[in-house]
Amino acid sequence: MRPFVYSRVATAEQAVARAAVPADTVESATRAPAQFLAGGTNVVDYFKLACWDAVELVDINDLRDEHGAIEARPDGIRFGALVGMRQAAEDPDVVRDYPVIAEALRQSASQQIRNVGTLAGNVLQRTRCGYFRDVDYDECNKRAPGSGCAAIGGPNRGHAVLGVGDRCIASYPGDLAPALVALDARVETLGPRGGRTFPLRTLHTGAERPEVETILAPGELITGFLVPAGPHTRRSTYVKVRDRESYEFGLATAAVALDLAPDGIVRDARIALGGGLTYRPWRADAAEGSLRDQPLTEETAAAAGRLALEGAVTHGDNDYLPELGARTVARALLRAARMVDVT
Ligand code: SF4
């Protein structure tokens, strides 16, 4: 482990001031020298492995009173950034009205990790690419820009097939973010220049610059998530296909929400992918469009699944993923269509 500075703050403003890069320095605008510490299930892990190069950890656990509540409102539901994973997964409003969120969280990590992990930390977790985690590998553009990518040409069974490039094919490992992206969630932040909100689907950046993973500025703190209400949220579900049924990352995951007319015709469909399939949380717009004003049948679900994986790029060991991903999407759609008691 590399040496680092530890500090603890009492307010969001103090956290931002502590972590922000002073305007008169020549620090990179994208590589923060300080990282926030909440549950610590990812950041401590990666500090130990020495694959995360921040030099200061800013402990924000004292912000839980201020940013640790779930607020169900007529126009949607708001989660404070420090809401716990278990807390959200077991919340009655979430379970009843936004089941895709509860299901995604219940299938994340282990019970012990869900007890301490926070929603913002979960959304911001970094890839589990083995070459990124193992600093003995010199080739990793995410860890060392310009060094290459050991996964391209190496064992890559769990590497992504959508949103990848020739610099990085790492998969986004989180379960919560695809569920939130499917529901058009927005992110609230506080940064050195004040507060802002933006769609969660724009938070994570693409594979062109693997070393940059989000649009957050240095010192910008996520303070909450807003999920708008809608006729689709109750008929929503999350399917995660993985090598074992507990404490395992996904090979293919799909978050789905449907608004069905009484005659079974799709009024609105939301589909987001993650797990091993995608470089970042991924909305399947074309697949959604193919379902609107159509009946939800095994055939239309299968066709939507194939559309969702259109454009997939494989690298040998992960050649199986497009087919698995398409079937995962179809399974999620059919499961959502069969949900009862959602009005
Ligand atoms: Fe690094 Fe990305 Fe290649 Fe993994 S896939 S070795 S994270 S550049």
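Figures for the structure shown
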| read-out | value |
| --- | --- |
| Any hit, the range 18-40, residues being modelled with pLDDT under 95, part of a helix (DSSP H, G or I) and among the hydroxyl-bearing types (Ser, Thr, Tyr) | no |
| Which numbered condition Arg143 fails, given (1) more than 10 Å from the ligand (Cβ to nearest atom); (2) under 28 Å from Ala15 (Cα atoms) | (1) |
| Members of the range 253-284 that are surrounded by 14 or more Cβ atoms within 10 Å (Cβ to Cβ) and charged (D, E, K, R) | Asp259, Asp268, Arg270, Arg280, Arg283 |
| Qualifying residue in the range 179-189 (condition: modelled with pLDDT of 95 or more, closer than 23 Å to Asp243 by Cβ and within 22 Å of the chain's Cα centre (by Cα)) | yes |
| Filtered residues of the range 126-140 (kept if within 20 Å of His204 (Cα to Cα) and within 6 Å of the ligand (Cβ to nearest atom)) | Thr127, Cys129, Phe132, Cys140 |
| Residue match in the range 197-212 (condition: out of contact with any Lys or Arg (no Cβ under 9 Å at 6 or more places or on another chain), near the ligand (Cβ under 9 Å from one of its atoms), outside the structural domain of Thr314 (by TED's automatic domain parsing) and open to solvent by less than 60 Å² (accessible area, probe 1.4 Å)) | no |
| The range 104-114: number of residues that are under 14 Å from the mean Cα position of the chain (by Cα) and either within 21 Å of Gly224 (Cβ to Cβ) or part of a helix (DSSP H, G or I) (or both) | 3 |
| Per-region count, the range 146-162, residues more than 9 Å from the ligand (Cβ to nearest atom) and on the phi > 0 side of the Ramachandran plot | 2 |
| Among (1) within 16 Å of the ligand (Cβ to nearest atom); (2) closer than 22 Å to Glu288 by Cβ, the one test that Pro173 misses | (2) |
| Boolean, Asp184 is away from the ligand (no atom under 16 Å from the Cβ), open to solvent by 30 Å² or more (accessible area, probe 1.4 Å) and of a type in the set (D, E, K, R) | yes |
| Any hit, the range 321-335, residues being in contact with a strand residue (DSSP E or B) (Cβ under 7 Å, 6 or more places away or on another chain), part of a loop (DSSP other than H, G, I, E, B), crowded, with 19+ Cβ neighbours inside 10 Å and among the small types (Gly, Ala, Ser) | no |
| Candidates Ser290, Ser246, filtered to the one that is open to solvent by 20 Å² or more (accessible area, probe 1.4 Å), assigned to a loop (DSSP other than H, G, I, E, B) and farther than 14 Å from Thr328 by Cα | Ser246 |
| Members of the range 298-320 found to be closer than 25 Å to Gly158 by Cα, open to solvent by 50 Å² or more (accessible area, probe 1.4 Å) and not in a loop (DSSP other than H, G, I, E, B), listed by number | Arg306, Leu307 |
| Pairs, first within 21 Å of Asp134 (Cα to Cα) and of a type in the set (Ser, Thr, Tyr) in the range 158-181, second modelled with pLDDT under 95 and within 10 Å of the ligand (Cβ to nearest atom), C-beta under 7 Å, six or more apart | Ser171/Thr127; Tyr172/Thr127 |
| Residue within the range 289-312 that is modelled with pLDDT of 95 or more, under 20 Å from Gly165 (Cβ atoms) and of a type outside the set (A, V, I, L, M) present | yes |
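So that you can scan it fast, the table gives a plain yes or no per residue for (1) touching a Gly at 6+ places or on another chain (Cβ under 8 Å); (2) aliphatic (A, V, I, L, M); (3) within 27 Å of Arg143 (Cβ to Cβ):
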| residue | (1), (2), (3) |
| --- | --- |
| Thr41 | yes, no, yes |
| Leu49 | no, yes, yes |
| Glu56 | no, no, yes |
| Ala72 | no, yes, no |
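The values are calculated or read from the model by the stated rules, or taken from the named source; none is laboratory data. Not measured: the values here are computed from a predicted model. Ideal geometry is used to build each Cβ from the backbone, glycine not excepted, and the neighbour counts take in all protein chains shown. Heavy atoms of the whole protein, side chains included, go into the accessibility calculation; ligands, DNA and RNA do not. Shrake-Rupley method; radii C 1.70, N 1.55, O 1.52, S 1.80 Å.
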